[in-house]
Amino acid sequence: MCTIKNRCRFVVLAAIMLLRMQGSAQVVSDTTGTLTWSLNLNDNTLVIGGSGAMPNYNYSNYLPPWTPYRDTIFAVAIGDSITNIGDYAFYYCSRLTSATIPNSVSTVGGYAFFYCTDLASVSIPNSVTGLGSWVFAFCSSLTAVTVPASVENIGDNAFYQCSNLISVSLPDKIASIEDYVFYQCGSLTTVTIPDKVAKIGRCAFQDCVNLTAVNIPDSVASIGDYAFINSNLTVVTVPARVESIGSYAFGFCRNLTSINVNEDNMFFSSEDGVLFNKSKTTLIQYPMGKPDAYYAVPDGVTDIGTSAFRASLYLTAAVVSNSVTTIAQQAFANCGSLKSVTIGNSVTYIGYDAFNNPSTEEVFSLNENPPATAPDNSTFADVDKHVCVLHLPAGCKNKYLAAPSWKDFLLVEEDAGVANYELGMMNYLVYPNPTTGKITIRNEESGMSSEIGIYDMAGKKLLSHTPLTSHSSPLIEIDISHLANGMYFLKVQTNNGTVMKKVVKE
């Protein structure tokens with residue numbers, strides 16, 4: 001009996017000891033700098049206590065001590081006497097869903113919540129004055145963030161690829177929206193830019209495909225390169241005090257139809273929704289979503305800027321005016337619908353990838369001397385030189401066939417019509433083009449005078465229309481069904497000069 005009783009006591013004591021050991025094993029704790037931390041493995045809550053600053057950790061050799069348990073951390077509670085959240089504090093805690101930040105915290109360090117993909121919301125107290133670089137990057141479950149009025153700066157890449165972030169309210173003290181802050185925030189629909197912001201950084205809103213409108217305050221003095229790439233903006237208004245807009249600032253904004261500049265702006269101007277410098281000698285940006293199929297660069301422009309027309313969705317024909325001397329790199333690259341390009345007679349240089357378009361079927365170069373092209377022979381990259389026709393003024397073919405890039409065109413024609421090409425006001429739509437019979441001309445000028453003529457490529461008039469007055473209908477129909485299939489010139493003598501357009505009969 002005693003033996004059995006002793007054995008029973010031993011079993012009970014062993015069970016109690018085992019339970020205590022198991023219970024104690026559910027809490028992992030230690031120190032970090034002057035602070036303490038403990039992780040309860042039952043409720044997966046990390047508690048950081050003590051007072052003072054949390055250490056700034058780093059990826060290479062000083063990760064947080066709870067890093068081995070980061071996949072088991074669901075919640076974080078930070079003590080009321082802690083003054084900052086260190087760099088990399090909760091780096092890659094991918095199962096973290098909530099974090100409590102007390103009013104004692106003044107800064108949230110760089111990469112603090114990097115790749116916390118389950119973090120759906122976070123409350124930032126009014127004590128915080130700064131958010132570090134990459135602080136919430138890749139927090140793909142984060143839907144809304146209210147940045148308190150106390151915050152004065154937000155680091156670059158702060159909300160990088162927060163793909164479910166719908167709205168962000170920025171405080172009035174913010175003076176700069178840094179590079180890549182909202183890069184690929186594909187769900188972002190609204191963002192308020194405070195009146196004191198002076199800079200919008202590089203790629204700040206790249207791939208914000210649901211952003212429909214942005215109001216840019218007068219305080220903005222710089223919009224960095226690629227600032228609104230792929231944003232679904234519809235209209236952007238640039239205020240009077242903007243001082244610089246980086247090359248391609250509004251590129252890949254597929255719903256952007258117009259860029260409007262305050263008329264008092266000292267540095268920029270706009271015409272028909274297209275962005276220019278103040279004197280309109282440089283065309284800076286043609287909106288990607290502008291619905292017009294045809295565009296003629298205004299007379300007086302001397303330079304077409306880098307990526308100015310890049311990735312235009314609807315542009316099918318472009319005319320570079322005779323005043324233009326330089327077409328910069330990638331100026332018309334990736335314009336998937338661009339079929340016809342006319343290059344004015346003063347163009348002397350065309351940069352690399354300027355006409356990188358497999359869709360281009362015809363290039364009209366009006367200069368008797370071939371413009372210089374990119375040294376890497378990429379000016380007409382992806383243009384099918386076996387299909388695309390190069391049209392030149394009479395007597396210039398041999399010069400072009402001896403010039404880099406130009407000599408690669410296999411279909412070269414000398415056209416008298418090209419030699420006589422005059423660039424006037426180009427506000428005329430011709431459709432359908434190509435046509436099987438009739439064409440309609442829509443006149444968007446105040447009126448037309450003189451006559452409309454159809455010419456062959458040798459400059460011979462084949463058809464003329466009754467002279468028009470300023471009171472005529474804006475729609476004129478011409479039947480060319482009796483003409484042979486091929487290419488013709490439509491010449492319109494207007495109040496503002498001569499307009500010539502290519503017409504294809506097929």
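Only the coordinates and a few stated rules stand behind these numbers; no lab work does. In this text, all values refer to a predicted model and were calculated from it rather than measured experimentally. Reconstructed Cβ throughout: ideal geometry from the backbone, glycine too, with neighbour counts over all protein chains shown.
Numerical summary
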read-out	value
Amide proton proximity set for Lys196, modelled H, under 5 Å, gap of 5+	none
Residues Thr234 and Lys278, FRET efficiency given R0 of 25 Å [Cβ-Cβ distance, rounded to 0.05]	0.50
Backbone N under 13 Å from the Lys173 label point (7 Å along Cα→Cβ), restricted to the stretch 100-138	105-108, 125-131
Residue-span extension gain [Glu477 to Lys438] - 0.36 nm each, minus C-alpha spacing	13.4 nm
Relative contact order computed over the stretch 286-399 (Cα-Cα under 8 Å; 6+ residues apart), in percent	21 percent
For Val168, distant residues with modelled amide H under 5 Å away	Thr190, Thr192
Where labels lie 7 Å past Cα in the beta-carbon direction, separation of Asn126 and Lys461 in nm	8.0 nm
For a label point 7 Å along the Cα-to-beta-carbon line of Ala221, residues of the stretch 190-207 with backbone N under 14 Å	196-200
Relative packing of 133-139, 399-405, which averages over residues the other C-beta atoms within 10 Å, highest first	133-139, 399-405
Order by protection proxy (mean Cβ within 10 Å, highest first), peptides 155-161, 273-279, 69-75	155-161, 273-279, 69-75
Extension gain from Met266 to Ala394, taking 0.36 nm per residue of separation minus the Cα-Cα distance	41.7 nm
Amide H within-cut-off set for Leu411, under 5 Å, with H built and near neighbours excluded	Leu390
Local electrostatic count at Cys116 - Lys and Arg +1, Asp and Glu -1, tallied over other residues with Cβ under 11 Å	+1
Cα-projected label distance for Asn42 with Thr117, points at 7 Å along beta-carbon direction, nm	3.1 nm
P(r) tail fraction, the stretch 292-423 - alpha-carbon pairs more than 27 Å apart, %	7 percent
Cross-link pairs beyond the 19 Å C-alpha cut-off, checked among Lys460/Lys502; Lys339/Lys399; Lys438/Lys461; Lys407/Lys460; Lys385/Lys407	Lys339/Lys399; Lys407/Lys460
Residues Leu313 and Asp384, FRET efficiency given R0 of 25 Å [Cβ-Cβ distance, rounded to 0.05]	0.75
